[in-house]
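The values are calculated or read from the model by the stated rules, or taken from the named source; none is laboratory data. The structure presented is a predicted model; accordingly, all values stated were derived computationally and were not measured. Using ideal geometry, Cβ is built from the backbone for each residue, glycine included, and neighbour counts are taken over all protein chains shown. Accessible surface areas use protein heavy atoms only, side chains included; no ligands, DNA or RNA. Shrake-Rupley method; radii C 1.70, N 1.55, O 1.52, S 1.80 Å.
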Amino acid sequence: MTTIIVIEKNGTVKEKTVKNMDKIYSFCNYRSDKNFLNLNTWKLESYSYKLYGKKTGNSGSENKFDLPPPVDSDLFFGNLCVIKYDKDNKVESFDLDQWNKFY
């Protein structure tokens with residue numbers, strides 16, 4: 001089991017424990033991967049932190065969270081998730097304490 005970070009559209013940040021990394025879009029409560037993208041990758045030390053979500057959506061469903069640069073002025077829709085990868089591109093657990101230090 002792996003822990004990831006989910007940023008809800010209202011700006012709330014939560015941990016989510018997942019078993020399988022096959023359908024990342026489902027972690028954000030989407031039914032399909034339509035318009036679901038890797039929106040950004042931050043590199044810090046030997047880790048990569050990948051932001052996943054949507055750049056398109058309905059008015060009123062904009063994500064309210066203020067993300068770190070360089071995506072601090074971009075507009076995203078619905079829930080987002082951040083997944084931590086090691087230097088070999090393997091998923092690592094990423095909890096709220098680590099998120100707060102990263103953020």
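Using a probe radius of 1.4 angstrom, the carbon and sulfur fraction of the accessible surface of segment 39-103 is 44%.
With coordinates expressed along the principal axes, the C-alpha atoms belonging to segment 14-54 extend over 34, 23, 19 Å, beginning with the largest. Put a dot 7 Å past the Cα of Ser26, heading toward its Cβ, do the same for Lys55, and the two dots end up 2.7 nm apart.
Based on protein heavy atoms only, the chain ends up with 62 Å² per residue of surface accessible to a 1.4 Å probe. Quotient of the Cα radius of gyration of the chain and 2.2 N^0.38 Å, N being its number of residues: 1.00.
For segment 32-83, the C-alpha radius of gyration sits at 1.15 times the compact-globule guess of 2.2 N^0.38 Å, with N the residue count. Rounded to the nearest 20 debye, the dipole magnitude of the chain is 340 debye, with +1 charges on Lys and Arg beta carbons, -1 on Asp and Glu beta carbons, and the Cα centre as origin. Projected over every direction and averaged, the convex hull enclosing the alpha-carbon atoms of segment 56-103 yields 4.3 nm².
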